[in-house]
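The values are calculated or read from the model by the stated rules, or taken from the named source; none is laboratory data. From a predicted model like this one, the values you see are computed outputs, not experimental measurements. Because the Cβ atoms are built from the backbone with ideal geometry, glycine has one as well, and the counts that use them run over all protein chains shown.
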Amino acid sequence: MATYAVGDVQGCFDELQQLLRNLSFKADDILWFTGDLVNRGPKSLETLRFVKGLGTRAVTVLGNHDLHLLAVAQGCERYKCGDTFEDVLNAPDRDEILNWLRARPLLHHDEALSFTLIHAGLPPQWDLAQARACAQEVEAALRGPHYAEFLREMYGGEPQQWSGTLGGWDRLRFITNCLTRLRYCDAHGRLALQEKGAPGTQPEGYMPWFEAPGRRSANLKIIFGHWSTLGACPVAKVFPLDGGCVWGGGLLALRLDGARREHTRLECRAHQKY
C-alpha cells in the first residue's frame, strides 16, 4: 500500500487519471489532495465524484476555490468570469457532493507518516496544536447550521495579523485566509494576500510564509499547494505541490511512505491562460 500526495487538480480530471496510471495506482493505495479540486479546469464535477468515491482512501483539505464553489452554490457570492464549476451546480447529485465537500478539513496531520497537509500556509505564530485548533474552528463553522453566514463573511483581507484575542468573523476570516490563501507575510506575520508572483516579486519586507523567522511550525513536514508560481523550494520539510496543471504546467505527486521521497510530474496542456 502506497500513500501519495497530489497537488491542485482544479478540475483537470483527465490529467489526474493519467497521473494515477503513471503511478500504477492500486486499489489499496491512498491519495492526499492539497485542495482546490475544482475550478478553472474543465471537469470539476468528475473530479469531485472521483475523489468522493474513493471514500477513506482519499484525504483532501479545502482550498480557496473549493470554498468559492460552496459560497456560489449557497448564493453568498457570484459566479465569476473564469469559473468553470457550473457542471457541479447543475448536477443531480449536487447537494450530496457539496455536503461532502464542506465536511472536508482545512488541515490534516498524520502522526505515523509525520506529514501535515494544508492548502496554502501557516502564520509564524502557530505551532501544530494552534494550527489544528484554528482549523477546527473554521471546520465547525462550515459544518454548522449557520454555515451560509460564514461563507458570506469569509471574504476580505482583514485582519492582516494574528492575535489570540481575535474573535468572531475577524478570527475565522484570518484563519481561513492563512490556510487557503497565504503566500507571503512579513517577519511579524502580517499577510500580503494580494501578492501571487514568484519569490523576488514581493514588496520589500515580505517573504514566503515558510521563510518567516522564528516560525513555530518549522519542525513540521508540511505539504501544500496554492502557489503555482513558486518553483523549487529551498526550505527543508516544506513540500509545495501546485505545479500549475491548469495553466499548462504539471500535475505533481509525492510519495509519502517509505524511506525515499519520490516525486512524479505529469506535463499538462493549458486549460487557462495567465
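Quick one: how many residues across segment 228-239 are in a strand (DSSP E or B) and either touching a residue at least 60 places away in the same chain (Cβ under 8 Å) or more than 19 Å from Thr116 (Cα to Cα) (or both)?
Residues flagged as in a strand (DSSP E or B) and either touching a residue at least 60 places away in the same chain (Cβ under 8 Å) or more than 19 Å from Thr116 (Cα to Cα) (or both) within segment 228-239 amount to 1.
So, restricting to helices (runs of 4 or more DSSP H) that lie completely within segment 13-88, which ones have at least 1 residues that are touching a residue at least 60 places away in the same chain (Cβ under 8 Å)?
Those helices (runs of 4 or more DSSP H) span 13-22, 64-73.
Looking at Glu211, Glu153, Glu158, which is the one that is out of contact with any helix residue (DSSP H, G or I) (no Cβ under 8 Å at 6 or more places or on another chain) and charged (D, E, K, R)?
Within the list Glu211, Glu153, Glu158, the selection yields Glu211.
Would you pick out the residues in segment 189-213 that are farther than 12 Å from Pro123 by Cβ, under 20 Å from the mean Cα position of the chain (by Cα) and either of a type outside the set (A, V, I, L, M, F, W, C) or outside any loop (DSSP other than H, G, I, E, B) (or both)?
Residues satisfying the conditions are Gln194, Glu195, Lys196, Gly197, Pro199, Met207, Pro208, Glu211.
For residues that are over 24 Å from Asn90 (Cα atoms) and among the acidic types (Asp, Glu), scanning just segment 18-48, find the one that is surrounded by the fewest Cβ atoms within 10 Å (Cβ to Cβ).
Asp28
Are any residues in segment 240-274 assigned to a strand (DSSP E or B), surrounded by 15 or more Cβ atoms within 10 Å (Cβ to Cβ) and hydrophobic (A, V, I, L, M, F, W, C), and if so, which ones?
Answer for segment 240-274, where residues must be assigned to a strand (DSSP E or B), surrounded by 15 or more Cβ atoms within 10 Å (Cβ to Cβ) and hydrophobic (A, V, I, L, M, F, W, C): Trp247, Leu251, Leu252, Ala253, Leu254, Leu266.
Would you pick out the residues in segment 152-195 that are among the charged types (D, E, K, R) and over 23 Å from Val61 (Cβ atoms)?
Glu158, Asp186, Arg190
Going by the conditions given, is Leu98 crowded, with 21+ Cβ neighbours inside 10 Å, out of contact with any Pro (no Cβ under 8 Å at 6 or more places or on another chain) and either part of a helix (DSSP H, G or I) or modelled with pLDDT of 95 or more (or both)?
No; evaluated as a whole, the condition is false for this residue.
For residues that are surrounded by fewer than 23 Cβ atoms within 10 Å (Cβ to Cβ), closer than 16 Å to Val246 by Cβ and touching a Phe, Trp or Tyr at 6+ places or on another chain (Cβ under 8 Å), tally how many sit in segment 66-85.
0
How many residues are polar (S, T, N, Q) and surrounded by 19 or more Cβ atoms within 10 Å (Cβ to Cβ) when one looks only at segment 203-239?
Residues that pass the stated criteria total 2.
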